Amino acid sequence: MERRTIGATALEVGAIGLGCMPMSWGYTESQRNGEGSLRAVHAALDRGCTLLDTADMYGPFTNELLVGRALKERRAEAFVSTKVGLLVGEQHIVANGRPGYVKRACDASLRRLQTDVIDLYQLHRTDPEVPIEETWGAMAELVAAGKVRSLGLCAVGARAGRRRGARLYDGTLRQLERVQQVFPVSSVQAELSVWSKEALEQLLPWCVTRGVGFLAAMPLGNGFLTGTLTPGQGFEPEDIRARHPRFTAEMMAANQPVVAGLRRVGARHGATPGQVALAWVLAQGRHVVPVPGTKKERWAAENAAAAGLVLDRRDLAEIAGLPPARGSWD
């Protein structure tokens, strides 16, 4: 598999990563299976998907424990990415960026992951009560201590609550400029897919001009771009799609032309709609690594195979001409 570089640290990863979140957080709880998820991790590593992306809040904690089981056997083959900065309560999630907490959380993640060092430590969200420079400074101290190799920032791109005229990632860009003065940013993680292209306007260009890696979260559109979901199928209450404005029955039906377009392109290459969606993300530049999430071996293998799919000008033009995705906020 093609290799891509994460930031100025020149740390290399496979062209496609593995998002481990669905194995224990956010999606269809009834289908979670620890052994099945472990097989998915091994399937990804077998096919060169070296970047394993997790977070201490997923579960919470159980996702890191699961990844740690795989790392116990195959640490040398993996690029380990985890996150800090969010605490999960009974009915809420809160940010904690206090330096002391960050350092304790890192030690706990190292134990759960059964490793001596985290390749990429990402700030999941900033704490409004703590200057981001203080949080980032504590993370930089973890690099100096040899517990972490590089640092990344997860972008916040809420569509609601922005000032009039503000663009989606204005706040994240201000944060990035501030933390760059403390310690270099190696990667930025944000949503990027055929139906969510906002990062192309500001965020990806910022990364490219500075040699910063871009981890494309949700490159399969929370599963919609795979073409395996049916409008009106319903989601379990804990599934994040049950409250997502693009996953009402009406909007899923309205967005079917996007999947149909991916399916047409895929037919020319013997590829699935999901593989075309991942190939589109890869085509956005050498700094981009899509991180599709899955909990099943079958999908991990299919996603990995997308690294070998190269879209031509006709393909890219056809995808560019697809109608924009609609949501219930439209």
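Surface composition of the chain: carbon plus sulfur atoms hold 51% of the accessible area, using a 1.4 angstrom probe and ignoring ligands, DNA and RNA. GluC sites (Glu not before Pro) within the stretch 164-228: which are DSSP loop residues with at most 11 other Cβ atoms inside 10 Å? Qualifying residues, ordered by number: Glu201. Counting only protein heavy atoms and a 1.4 Å probe, the stretch 76-231 has 42 square angstrom of accessible area per residue. Shown here for the stretch 147-245: trypsin sites (Lys or Arg not before Pro) in loop regions (DSSP other than H, G, I, E, B) with at most 15 other Cβ atoms within 10 Å, namely Arg159, Arg162, Arg163, Arg164, Arg167. Toward the positive end of the charge dipole of the chain, with +1 on the Cβ of Lys and Arg and -1 on the Cβ of Asp and Glu, the farthest Cα among Leu278, Leu120, Leu151 is that of Leu278.
Looking at the chain alone, DSSP beta bridges between its own residues are antiparallel in about 25 percent of cases.
Per-residue accessible area (protein heavy atoms, 1.4 Å probe) orders Asp46, Asp53 as Asp46, Asp53, starting from the largest. Please check: in the Gaussian network model of the chain (C-alpha springs, under 10 Å), which one of Met23, Met139, Met252 has the largest mean-square fluctuation. Checking each option, the largest mean-square fluctuation is seen for Met252.
The values are calculated or read from the model by the stated rules, or taken from the named source; none is laboratory data. These numbers come from a predicted model, not from an experiment. Cβ sites come from the backbone with ideal geometry, for glycine too, and all protein chains shown count toward neighbours. All accessible areas refer to the heavy atoms of the entire protein, side chains included, with ligands and DNA or RNA removed. Shrake-Rupley method; radii C 1.70, N 1.55, O 1.52, S 1.80 Å.
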